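Encoded as structure tokens, the structure appears first; notes follow it.
The values are calculated or read from the model by the stated rules, or taken from the named source; none is laboratory data. Being a predicted model, the structure only gives us computed values, none of them experimental. Counting neighbours? That spans all protein chains shown, and the Cβs are built from the backbone with ideal geometry, glycine included.
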Amino acid sequence: MENSSQESHLRSDNSVTYESPYTVYAMAVSSTPSPTNLSHQSIALGSFLEDYSNRVDIISFDPDTVSVKTHPTLSFDHPYPPTKLMFQPNRKSSSSSSSSDILASSGDYLRLWEVRESSIEPLSVLNNSKTSEFCAPLTSFDWNDVEPKRIGTSSIDTTCTIWDIEKGVVETQLIAHDKEVYDIAWGEARVFASVSADGSVRIFDLRDKEHSTIIYESPQPDTPLLRLAWNKQDLKYMATIQMDSNKVVILDIRSPTMPVAELERHQASVNAITWSPQSSKHICSAGDDTQALIWELPTVAGPNGIDPLCVYSAGAEINQLQWSAAQPDWIAIAFSNKMQFLKV
Amino acid sequence: MATGVQNQESVPKYLKKQLALTVRNIQWSYAIFWSISTRQPGVLEWDDGYYNGDIKTRKTVQAVELNADQLDLQRSEQLRELYESLSAAQTSPHAIRPSAALSPEYLTATEWYYLVCMSFVFNIDHGLPGRTLSSGQPVWLCNAHCAESKVFSRSLLAKVCAVVTVVCFPFSGGVIELGVTDLVLEDFSLVQWIKTLFLGAQQAIVSNKSIHVSGNNNDLVCPALDPLIIDTKLSPILGCEHLETSFPDDIPDGLEPNQPGEDSFLVQGIDGGASQVQSWQCMDEEFSNCVHHSLNSSDCISQTCADVRNIISLDQEEKNYDNSLQDVDECNQIKLASFDLQNDLHFHAVLSAILKGSHPLILGPRFQNSNKESSFVCWRKNGLVKPQKARDGTPQKLLKKILFFVPHMHDRGLSESPDVNGVRDAVWRPEADDICGNRELPERKRREKINDRLMILKSMVPANSKADKVSILDGTINYLQDLERRVAELESCRELTELETRTKRKPDHVERTSDNYGNNKTTNAKKLYSSKRKTPDADEVDDEIDHVATKDGSTDNITVSMNKNDFIIVLKCPWREGVLLEIMDVLSILSLDCHSVQSFATAGILSLTIKSKYKGSSVAKAGTIKQALQRVAWKY
């Protein structure tokens, strides 16, 4: 083993690094084969420049040779940094051609882009405001994988908007919280959850828009919860992270307000969490301590808390984490200006 | 369950006492006597033992009265009893487990080691006791926890339980094994001494060529690849340094006869050829040296992934749940999972049968693609040096920027609510249900109160169709500002008419109210407006003059007239000491540069005429100046 104060030893057959010209934050890994090459996977990287002009680049990853390829033509401008990028989930329908993929980005508005073999075409800009004066910038969104025409967005104006992207209209809009909403995640086709600066995790059901359910509130009142991840393999469980906290809080929606587990092995704040796309018990988290930890949640926790299964140390604070749905033994992380694809 | 009864006939009954004395004297942790099994020929099994190691607690499930003599032997008895009860439970899971005096959660790791050893069997010539018996030579194993499993099959168990030194020597048709949790360097004279002194062995067995296996802390093993190791690259095992005291409770009957020629393995129901031992290497600071002689190649049969998968799936199928102790071993399953199980199947086999079911999940994803090693490394509790902290000290810096600052970069309406068509796309505001009541109830009440107040506001404020909090508040703000403006206007008009109608006021006409300003806001204003001014300096008047006249019914008056940035203030107020100074102060605070002041004080009244120029940057309002002066002048 190497000295663990440094980065984990990387070998060329289990990881690949892509160095971007700018800091990367938003990242998406496609769940369907790349339009350029069916055995490759597309990865979209959004830049983070405190500037108006930002870019989103698409690169493709070849798992056989463990290499990435850049595509200079697959790139587009974005006003200010995109807060989230996401590819269309599980595209199986025959309605979309096999040679293109759809990417959604959030920033000032929700935008959809068609990723073709050698170009990216903007599909639509989904803007809810009737006048051009008011727009509520989006902090995050989630693409419903059961009902792929539905995207839910979260905004700093305390609302969540549900879009029907096929028709390009708003399905509904909810005032979700008392303060800015920071993240949103779909559970089923009509159920989503959101976290907010008011420190609560709330579940909403589109069939009953009058009511929402608070399933967790941060122990110190009004401490924002920054990220949320819903376990798509086992819909009972969600994970969330609090501002300035090194804990990953695992919640069971059947038992509100009491977290099922608090994973506290990061040595600095956690930045991103993602559940395994395949296994219902595994979750990966990454944080400012430059580490990405993979945890396995036991049925019952031991007295000293839960230890992670394994760890990866990057060279800098890890800001973003995506577990590839199409290739579940690969995890993508982003730190400073690098993106790494790691074998699990 | 095999008890020691049959075997003890061949061994002096006081063996236990001898073992006890031996171990206590040399202050080691345990002594075990392995003897040839009567049920299975050619197999060494646990016969008797004495435990002298750490004990966590003397607490027992049932309170047992003891005297001092019995106390010594009692622990070993209790451990044996526990083992038997557990294996009885294992074989017949539905039967009520016979109660043992000891409860599993009270055991230390070393006790567990001792306990687990009871389940082991060794073929002659296999494993440490087996080889000892066949060779007839004592064996001294240092760093047992780092030994290869070829050499010492319980090495991982030893590692987990912190047993470091193990010594075996043949005795009386069986093998005596002594173990300790400290490192004791090899010293065969000790063995001899034990033998002669305590066990009455007359013949000197020790020869010069005693086999020994020792570990060396400072070297690194060269990863000479044993051809038997499968093509999977092996990553080092970084298990827990010590096991939690709550440990497996489910010890199966160790005498499954269906595994050919192997060291102890306790997996049940595995088909014949499938259980194999996979050798592994410690490539860490510690390592073990392996003496390759006399090792049966059947000890380490290379393992293919397919076989492992079989085993995993089989383990998964066999879940013998002992409900009463389920909570105890979950902890161990985690510990188990922290080992790199892919590489040491034997250990996995041993413990997975002990623990309740295995964890195929941890192996599942790994086995997808067994050709490539993972970038992730096993997590070690204390192994990691504190990694670098965030360099500039802000935690979650990028995440916070994305959430807090980036949205505001889009510098259009930040907190404006989206413009919603009230008819169709109504904005819903779900009422939040706090499921878990008590703590939330006051919070919910507070929210409801807030919502109620907002509704009231909404009803008071005209022309506000939107229902959301932000626009209600915005509307209220606008309305208030509007009202203020209107009142100011009306106020000025009224005062002007007052000025018109009023003639010279007598100084003694007193109608002072202390809070003049507020009251008069609500009086009706006459809309008469005259362009005539009432200030003494008439020659400086222009057409664009703002009049702000005095209030009703007061002899004291103040007039502030404004011509662009020039202010002329005419003031009559009751004289008191220092009032002039205060007035000048106020004016300078208001950025009025006074270039001409005329003042008369007669009959207690101060008449003041001040010409000043406004030097401030913002727009000056006559009303503001007047208010300020009033406050000063009529202060009591």
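Taking the criterion of being surrounded by fewer than 17 Cβ atoms within 10 Å (Cβ to Cβ) and of a type in the set (S, T, N, Q), would at least one residue in region A:128-150 satisfy it? Among the residues of region A:128-150, at least one is surrounded by fewer than 17 Cβ atoms within 10 Å (Cβ to Cβ) and of a type in the set (S, T, N, Q), which makes the answer yes.
Selection of strands (runs of 3 or more DSSP E) fully inside region B:117-175 by the criterion of at least 3 residues being closer than 23 Å to residue B:26 by Cβ returns B:139-141, B:165-171.
Selection of first residues in region B:428-452 that are outside the structural domain of residue B:473 (by the TED database) and of second residues that are surrounded by fewer than 12 Cβ atoms within 10 Å (Cβ to Cβ) and modelled with pLDDT of 80 or more, restricted to Cβ pairs under 6 Å at least 6 apart or on distinct chains, gives the following pairs, ordered by first then second residue: B:430/A:210.
Looking only at region B:365-411, which residues are facing another protein chain (nearest Cβ under 7 Å), assigned to a helix (DSSP H, G or I) and modelled with pLDDT under 50?
Those that are facing another protein chain (nearest Cβ under 7 Å), assigned to a helix (DSSP H, G or I) and modelled with pLDDT under 50: B:365, B:368.
Scanning region A:233-254 for residues that are assigned to a loop (DSSP other than H, G, I, E, B) and within 26 Å of residue A:158 (Cβ to Cβ) yields a count of 6.
Only one of these is surrounded by fewer than 20 Cβ atoms within 10 Å (Cβ to Cβ) and within 8 Å of another protein chain (Cβ to nearest Cβ): A:279, A:269. Name it.
Working: A:269 fails: surrounded by fewer than 20 Cβ atoms within 10 Å (Cβ to Cβ).
The conditions single out A:279.
Give me the strands (runs of 3 or more DSSP E) completely within region A:284-323, filtered to those with at least 2 residues that are surrounded by 22 or more Cβ atoms within 10 Å (Cβ to Cβ) and under 18 Å from the mean Cα position of the chain (by Cα), ordered by residue number. Steps first, please.
On the way: elements: A:291-296, A:310-313, A:318-323.
It comes to A:291-296, A:318-323.
Each residue in region B:585-604 was checked for being touching a strand residue (DSSP E or B) at 6+ places or on another chain (Cβ under 7 Å) and surrounded by fewer than 17 Cβ atoms within 10 Å (Cβ to Cβ), and 10 pass.
Pick from region A:324-339 the residues that are assigned to a strand (DSSP E or B) and more than 12 Å from chain B (Cβ to nearest Cβ): which of them is surrounded by the most Cβ atoms within 10 Å (Cβ to Cβ)? Residue satisfying both the conditions and the ranking: A:339. Checking each residue in region A:197-229 for being surrounded by fewer than 24 Cβ atoms within 10 Å (Cβ to Cβ), at the interface with another protein chain (Cβ under 7 Å from one of its Cβ atoms) and out of contact with any Ser or Thr (no Cβ under 8 Å at 6 or more places or on another chain) picks out A:210, A:211, A:213.
Given the criterion over 22 Å from residue A:235 (Cα atoms), within 13 Å of another protein chain (Cβ to nearest Cβ) and not small (Gly, Ala, Ser), identify the matching residue among A:169, A:181.
Working: A:181 fails: over 22 Å from residue A:235 (Cα atoms).
From the options A:169, A:181, the qualifying one is A:169.
Against the list (1) outside any strand (DSSP E or B); (2) in contact with a Gly (Cβ under 9 Å, 6 or more places away or on another chain); (3) facing another protein chain (nearest Cβ under 8 Å), the condition residue A:257 fails is (2). Screening residue A:342 with (1) more than 8 Å from chain B (Cβ to nearest Cβ); (2) within 24 Å of residue A:34 (Cα to Cα) gives one miss only, at (1). With respect to the conditions (1) closer than 17 Å to residue A:120 by Cβ; (2) crowded, with 17+ Cβ neighbours inside 10 Å; (3) at pLDDT 85 or above, residue A:24 falls short on a single one, namely (1).
Residue-wise test of (1) modelled with pLDDT of 90 or more; (2) more than 19 Å from residue B:406 (Cα to Cα); (3) in a strand (DSSP E or B).
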position: A:32; (1), (2), (3): no, yes, yes
position: A:38; (1), (2), (3): no, yes, no
position: A:78; (1), (2), (3): yes, no, yes
position: A:89; (1), (2), (3): no, yes, no
position: A:99; (1), (2), (3): no, yes, no
position: A:108; (1), (2), (3): no, no, no
position: A:140; (1), (2), (3): yes, no, yes
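Residues that are within 19 Å of residue B:377 (Cα to Cα), at the interface with chain B (Cβ under 7 Å from one of its Cβ atoms) and out of contact with any Gly (no Cβ under 9 Å at 6 or more places or on another chain) within region A:283-310 comprise A:288, A:289, A:291, A:294, A:296, A:306, A:307, A:308, A:309, A:310, listed in sequence order.
Scanning region A:311-320 for residues that are free of Cβ contacts under 8 Å to residues at least 60 places away in the same chain and more than 9 Å from chain B (Cβ to nearest Cβ) yields a single hit, A:318.
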